[in-house]
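Please read the structure below before turning to the comments.
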C-alpha cells in the first residue's frame, strides 16, 4: 500500500519519543499543577487549566500522528499484528512508552527487520 521509505521509521521513532515525553509532561507536570498545587499555594485557575489544556493538546496531536505512523509502518514493513498492538498499548502507559522508541532504534539499526 505504501512505498518503503527508510525515513519513515526514523520519523516514527522521533514521534514515539516525543509522544512519550508529552505523556510524562501531561501526567506528572500539568495534571499535578491543576489538581495538587492548589493545596499548597494559590495558583490562578487559568494557569491550572491552561497547563492541562496545552499539554493535553500537544499530547493528543502526537498520539494521532503516532497512530497514523504506526498503521503506515505496519503496512509498509509488514509488521505482525502483535507488534502493532504492543506498540499501541505501550504508548498509552507513561514511562513504558519509551520502550517503543528504544525498540524502533533496534529495528533501524538492524536494517528494518
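Taking springs between alpha-carbon atoms closer than 10 angstrom, which of 21, 47, 58 fluctuates most in the Gaussian network model of the chain?
Most flexible of the set in this elastic network: 47.
Counting just the Cα atoms, what span does the chain cover along each of its three principal axes? Round to the nearest Å and put the largest first.
53, 22, 21
Compute the relative contact order of the chain as a whole-number percentage, counting only Cα pairs closer than 8 Å that sit 6 or more residues apart in sequence.
Taking the mean separation of contacting Cα pairs over the length of the chain, I get 41 percent.
Determine the calculated [θ] at 222 nm for the chain from helices alone, applying -39500 (n - 2.57) to every DSSP H run no shorter than 4 residues and normalising by the residue count; nearest 500 deg cm²/dmol. Provide the component values of the computation, followed by the final result.
Numbers: 5 runs with 82 residues, N = 113.
Value at 222 nm, helices only: -24000 deg cm²/dmol.
Where a ≥ b ≥ c are the square roots of the eigenvalues of the C-alpha gyration tensor, would you call region 66-111 rounded, which needs a/c under 1.5, or, failing that, prolate if a/b is larger than b/c, or oblate?
Oblate, because a/c is 1.5 or more while a/b does not exceed b/c.
Where in region 8-38 is the amide nitrogen less than 14 Å from a point lying 7 Å along the Cα-to-Cβ axis of residue 54?
25-26, 29-31, 33-34
Calculate how steeply helix 45-77 sits against the longest principal axis of the alpha-carbon atoms of the chain, using the helix alpha-carbon long axis, and give the answer as 0 to 90 degrees to the nearest 10.
Once rounded, the angle reads 10 degrees.
Quick one: Cα centre-to-centre distance for region 20-50 and region 58-105, in angstrom?
Centre-to-centre (Cα) distance: 26 Å.
Could you tell me the calculated FRET efficiency between residue 28 and residue 68, based on Cβ-Cβ distance and R0 = 30 angstrom, to the nearest 0.05?
0.70
Rounded to the nearest 10 degrees, what's the angle between the helix 6-25 long axis and the longest principal axis of the chain, both from Cα atoms, 0 to 90?
20 degrees
Throughout, read-outs are computed from the coordinates displayed, never taken from laboratory work. Predicted model, so just to flag it, every value in this text is computed and none were measured. Please note: Cβ atoms are built from the backbone with ideal geometry, for glycine as well, and neighbour counts cover all protein chains shown.
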